[in-house]
1. How about segment 54-106: which of its residues are aromatic (Phe, Trp, Tyr) and assigned to a helix (DSSP H, G or I)?
2. Give Gly246, Gly271, Gly211 a once-over and let me know the one that is under 30 Å from Glu80 (Cβ atoms) and of a type in the set (Gly, Ala, Ser).
3. Pairs, please: C-beta under 7 Å, at least 6 apart or cross-chain, first residue within 13 Å of Ser178 (Cα to Cα) and in segment 58-71, second among the small types (Gly, Ala, Ser) and not in a strand (DSSP E or B)?
4. Which of the residues belonging to segment 32-42 are out of contact with any helix residue (DSSP H, G or I) (no Cβ under 7 Å at 6 or more places or on another chain), under 22 Å from Ala192 (Cβ atoms) and open to solvent by less than 40 Å² (accessible area, probe 1.4 Å)?
5. Go through (1) part of a helix (DSSP H, G or I); (2) open to solvent by less than 50 Å² (accessible area, probe 1.4 Å); (3) within 29 Å of Phe125 (Cα to Cα) one by one and return the number of the condition Lys165 breaks.
6. Taking segment 2-31 as the search range and keeping residues that are assigned to a loop (DSSP other than H, G, I, E, B) and out of contact with any Leu (no Cβ under 9 Å at 6 or more places or on another chain), which one is most open to solvent (accessible area, probe 1.4 Å)?
7. Inspect all residues belonging to segment 78-95 and state whether any of them is more than 30 Å from Glu15 (Cβ to Cβ) and open to solvent by 60 Å² or more (accessible area, probe 1.4 Å).
8. Given the conditions (1) part of a strand (DSSP E or B); (2) more than 30 Å from Glu99 (Cβ to Cβ), and given that Gly271 satisfies all but one, which numbered condition is not satisfied?
Amino acid sequence: MLKIALPNKGRLSEEVRELFNDAGLEVRARGERALTASLGGEFEAIFVRAQDIPEFVADGAAQAGVTGWDLVNEAGRELEPLMDLEFGRCRLVVAARDESGISRAEDVKDGMRVASCFPRLTQAFFQQRGQQVTVVPVSGAAEIAPHLGIADIVVDLTSTGSTLKMNGLREVATVLESSARLVACPRNGQEARRALEELTQALGSVLKARGQRYLMANVPKTSLEQVREVLPGLNGPTVVDVMNGGHFVAVHAVVSSRNLYRTVNALKALGGQGILVTRIERLMA
């Protein structure tokens with residue numbers, strides 16, 4: 001049974017569990033504090049801190065894991081990236097106090113102190129730019145460091161930037177863009193690779209379905225050419241004869257939920273009737 005390391009708490013843990021459940025790999029734990037859980041079939045989940053997952057996977061304690069790309073890069077371990085799970089998006093940024101006079105990375109002077117929970121990435125970022133800074137490792141709440149005189153600037157995670165602004169800081173450079181990733185141990189054998197490929201396909205089918213809707217409608221045969229323009233779908237709409245439908249045919253297509261309002265109105269304008277829209281659980285390529 002292959003072990004998949006998953007975050008044990010926080011928003012990332014909730015989204016990961018939802019994704020696996022939607023993919024048919026229900027997380028079946030004995031209790032809220034259980035350290036392991038069955039995922040059905042040939043997978044078992046082990047719950048650990050998100051920052052420890054790169055180490056667990058790289059050392060082979062788990063064949064794969066889900067954690068943030070920022071944590072993967074900070075760990076610096078050899079891992080095989082399998083897929084971007086498209087949630088947990090954030091950025092690792094350089095931020096300075098509004099009154100510091102620092103508005104871009106080039107304004108950071110040699111000798112400045114930089115507080116961060118990501119010392120490795122921070123050091124590498126400034127070294128690549130030829131800037132000599134002193135990194136001050138912190139375990140959390142890096143944004144308070146400049147106000148306490150502990151550091152001149154910070155390198156911290158942000159998604160909207162609101163927390164930085166609330167604490168009188170402004171972004172001056174982006175170090176790394178991050179999201180949740182599925183990563184694997186590079187030493188996995190052939191059977192493990194096969195199973196993980198199937199896992200990747202299952203998770204990918206859920207991600208492809210998100211933001212898509214399945215639309216069905218009866219439309220006049222005389223409007224089919226215009227309907228094809230309204231419903232391009234994945235490979236064009238599927239057209240089916242309607243029993244006793246007269247001059248109507250049924251069209252089926254996968255459409256983007258972002259354009260759904262306009263699509264439905266366009267079909268109505270072409271004489272569409274009996275329009276039905278449903279969610280899609282999984283979408284295989």
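The values are calculated or read from the model by the stated rules, or taken from the named source; none is laboratory data. Note that the structure is a prediction, hence the values are computed from the model and not measured. Cβ sites come from the backbone with ideal geometry, for glycine too, and all protein chains shown count toward neighbours. With ligands, DNA and RNA removed, areas are computed over all heavy atoms of the protein, side chains included. Shrake-Rupley method; radii C 1.70, N 1.55, O 1.52, S 1.80 Å.
1. Taking segment 54-106 and keeping what is aromatic (Phe, Trp, Tyr), we get 56, 69, 87.
Hits for segment 54-106 are Phe56, Trp69.
2. Gly211 is the lone residue from the list that is under 30 Å from Glu80 (Cβ atoms) and of a type in the set (Gly, Ala, Ser).
3. Between residues of segment 58-71 that are within 13 Å of Ser178 (Cα to Cα) and residues that are among the small types (Gly, Ala, Ser) and not in a strand (DSSP E or B), the close pairs are Thr67/Ala50; Gly68/Ala50; Gly68/Gly88; Trp69/Ser179; Leu71/Ala50.
4. Within segment 32-42, Ala37, Gly40 meet the criteria.
5. Every condition holds for Lys165 apart from (2).
6. Start the filter on segment 2-31 by keeping residues that are assigned to a loop (DSSP other than H, G, I, E, B), which leaves 8-9, 23-27, 30-31.
Filter once more, so that each one left must be out of contact with any Leu (no Cβ under 9 Å at 6 or more places or on another chain): 9, 24, 30-31.
Values: Lys9: 152, Gly24: 62, Arg30: 241, Gly31: 35 Å².
Once the filter is applied, the top-ranked residue is Arg30.
7. Within segment 78-95, the first condition is being more than 30 Å from Glu15 (Cβ to Cβ), and the residues that meet it are none.
No; the residues of segment 78-95 include none that is more than 30 Å from Glu15 (Cβ to Cβ) and open to solvent by 60 Å² or more (accessible area, probe 1.4 Å).
8. (1)
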